[in-house]
1. Provide the percentage of antiparallel DSSP beta bridges, counting only those with both residues in the stretch 1-158; round to the nearest 5.
2. From Cα pairs below 8 angstrom and at least 6 apart in sequence, can you work out the relative contact order of the chain, rounded to a whole percent?
3. Please compute the net charge surrounding Leu128, taking Lys and Arg as +1 and Asp and Glu as -1 over other residues with Cβ under 12 Å from its Cβ.
4. Given all pairs of different Cα atoms, what value in angstroms does the Kirkwood hydrodynamic radius of the stretch 14-63 take?
5. Report, in deg cm²/dmol and to the nearest 500, the calculated mean residue ellipticity at 222 nm for the chain, where each DSSP H run with n ≥ 4 adds -39500 (n - 2.57) and the sum is divided by the residue count.
6. What is the distance in Å between the Cα centres of the stretch 128-196 and the stretch 214-243?
7. Could you check which residue among Lys111, Lys97, Lys204 shows the biggest mean-square fluctuation in a GNM of the chain with a 10 Å Cα cutoff?
8. Taking the chain as a Gaussian network, Cα atoms linked when under 10 Å apart, which of Asn189, Asn142, Asn65 shows the biggest mean-square fluctuation?
Amino acid sequence: MKIIIVKDSKAMGSEAARLIARRMLQNPSLVLGLATGSTPIGTYQHLIRYCEEGLISFKKVKSFNLDEYVELDAKSPLSYVSFMQEQLFSKVDMDEKNWNIPDGNAQDLEKEALDYEEKIKKAGGIDLQLLGIGGNGHIGFNEPGTDFASVTHSTDLTEETIEDNARFFNSKEEVPTKAISMGMRSIMNAKEVLLLASGSSKAKAIKGAVQGPITTDVPASILQLHPNVTFIVDEEAARELRR
Ligand code: PGA
């Protein structure tokens, strides 16, 4: 596990974008696992700029997002489809047929989850998975207690996650209570993992993920067993780490 501690969230975004750009240069047909939330926005902004400057291209890149809310209209500005279009896809040279996000409005969520996992396999697996982390240590919507053997599945959000995400909605009551998410094993199957965290609200989760026991109580702690994982965290998120 490699831990890079940077000054602030701005530095986190540029450091992460450089790592992703390097991988895209090494392999133009990279299969990227992507994340939503506040954390990766700065990284996406750098990648957009690199693309505009002709340094990198998403033409042959395939992507798979970690998760999507269940029963939220895909057209809602708060759906993860809208988020990704707004924050990345519409601003880079990516082909619409090459990005994938689980369909939270599928009639049969179980089938959608199985099909999503199959699609990842068919693409050859994820080369580089980008992750944020929840204040409770979740990755994707794998909340504390999620089985480490889980693959893509539908799941209930915890009260803490609903409260964390209420800032994007008009009220807490509007936050969907269910999501469809890649599972813990889906994430561990990625060849490389890059986890980003900034701010003091992530300090406890980072401490647990990096130096705590490996336990489903802190889902990200399983990453201690991943052979190729990098954490890029800012000083505030790193403040509980033992040096
Ligand atoms: P955030 O969410 O980037 O909005 O903090 C991260 C997460 O919950 O995984």
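Taken together, the values in this text are just the output of simple stated rules run on the coordinates, not laboratory data. Everything numeric in this text was worked out from a predicted model, so none of it was measured. As a convention, Cβ positions derive from the backbone with ideal geometry for all residues, glycine included, and neighbour counts pool all protein chains shown.
1. 10
2. Once normalised by length, the contact order is 26 percent.
3. It works out to a net charge of +2.
4. 11.0
5. Value at 222 nm, helices only: -9000 deg cm²/dmol.
6. Centre-to-centre distance over Cα atoms comes out at 16 Å.
7. So, out of Lys111, Lys97, Lys204, the one fluctuating most is Lys97.
8. Fluctuation is largest for Asn189.
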